[in-house]
Amino acid sequence: MDNQSETRDFLATRRAKITPEQAGLPVSGGNRRVPGLRRGEVALLAGVSVEYYTRLERGNLSGVSEGVLEALARALQLDEAEQAHLFDLARAASTSRKPQRRRPTTQPVRASVQLMLDAISNAPAFVRNGRLDILAANQLGYALYSEMYASPVRPANHARFIFLDNRSYGFYPDWDRAANDTVAILRTEAGRNPYDRGLTDLVGELSTRSEEFRTRWAAHNVRLHHSGIKHLRHPVVGDLHLLYESLDLSADAGLSLLAYTAEPRSTTGDALRLLASWAATQKSEALQAETPPDPAQQSAATQSGQAPLQQ
């Protein structure tokens, strides 16, 4: 992902979203050749020359001051996520030495983090990275995303599930919103960490295999993902309306812990308890299937003339 092209497309798509009326500018007569603001109008609103803004929109953010970036954000009416993305692009452009892209690796989750997840017994919880890989979860978290784990590909990944697995259409009642949010989160991560080889590979894979992803990726929308509400439709317990909170793990750069909860005395709360019971049953059956026959039981059964017990 090239910083100059990312910057150029991001600024151009933001400019196209703002009309002169929205910006408080007089509308001149005649046909406008651009859907939103002209470059000169953005320059006027930001208090810079047309030549300087043109340079910025061509992708050259190297050395741009915070004051100019803030003025640009006001002129383009950027929201919190978009402004943060603009600053991330400028930071990457100003980095004198570009880090070498390395083979993607999956960051391990520390044992103490897994213990913390396991201690959360009444809410689905999991740890993920910026590429939306699920790196660890508690029992209820794995049960919540059982549809995603039906695929053998590891680590399980939200974006791959949404765009490459037909089960996602039933799992997300509002699939379009889930798809839009997922791409916006990946685009935000691309601005924050443009030299992540794993993210570049993931975007390349999804762009090659999914027209739905390509269309959304080209929109250059970004989104922060700290808290909110998720509507999921689990194949075992039905509709779930979950509150979620995301917390960055300060000791593990790039990793976040997410926990989903339900309103007290709600049908979703009842469904989560049913999901926990189902998960416990699944775990018990899996353990029984993996337990080898007891040699003592087999010997006793043979001596009594009975068939050995099959476990």
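In table form, for the structure just shown:
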read-out: One residue from Leu272, Leu243, Leu224 being surrounded by 15 or more Cβ atoms within 10 Å (Cβ to Cβ), over 22 Å from Ser151 (Cα atoms) and at pLDDT below 95; value: Leu224
read-out: Residues that are out of contact with any strand residue (DSSP E or B) (no Cβ under 8 Å at 6 or more places or on another chain) and either within 21 Å of Asp174 (Cα to Cα) or at pLDDT below 95 (or both), drawn from region 131-146; value: Ala143
read-out: Number of positions in region 116-170 that are among the acidic types (Asp, Glu), in contact (Cβ under 8 Å) with a residue 24 or more places away in the chain and farther than 19 Å from Ala251 by Cβ; value: 1
read-out: Test result for Arg187, in contact with a Gly (Cβ under 8 Å, 6 or more places away or on another chain), on the phi < 0 side of the Ramachandran plot and touching a residue at least 60 places away in the same chain (Cβ under 8 Å); value: no
read-out: Pairs where the first residue, in region 1-28, is modelled with pLDDT under 90 and surrounded by fewer than 12 Cβ atoms within 10 Å (Cβ to Cβ) and the second is of a type outside the set (Asp, Glu) and in a helix (DSSP H, G or I), C-beta under 8 Å, 6+ apart; value: Pro26/Pro20; Val27/Pro20
read-out: Residue satisfying all of: in region 140-174; among the hydroxyl-bearing types (Ser, Thr, Tyr) and in a helix (DSSP H, G or I); surrounded by the fewest Cβ atoms within 10 Å (Cβ to Cβ) among these; value: Tyr169
read-out: Per-region count, region 194-214, residues of a type in the set (Ser, Thr, Tyr), in contact with a helix residue (DSSP H, G or I) (Cβ under 7 Å, 6 or more places away or on another chain) and either buried (at least 18 other Cβ atoms within 10 Å of the Cβ) or not in a helix (DSSP H, G or I) (or both); value: 1
read-out: Hits in region 171-184 (condition: touching a residue at least 12 places away in the same chain (Cβ under 8 Å) and acidic (Asp, Glu)); value: Asp174, Asp181
read-out: Any hit, region 175-191, residues being more than 26 Å from Tyr142 (Cβ to Cβ), at pLDDT below 95, out of contact with any Lys or Arg (no Cβ under 8 Å at 6 or more places or on another chain) and not in a helix (DSSP H, G or I); value: no
read-out: Residue among Gln114, Gln107 that alone is out of contact with any helix residue (DSSP H, G or I) (no Cβ under 6 Å at 6 or more places or on another chain), farther than 27 Å from Arg14 by Cα, assigned to a helix (DSSP H, G or I) and of a type in the set (S, T, N, Q); value: Gln114
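The values are calculated or read from the model by the stated rules, or taken from the named source; none is laboratory data. In this text, all values refer to a predicted model and were calculated from it rather than measured experimentally. Glycine gets a Cβ as well: all are built from the backbone with ideal geometry, and neighbour counts include every protein chain shown.
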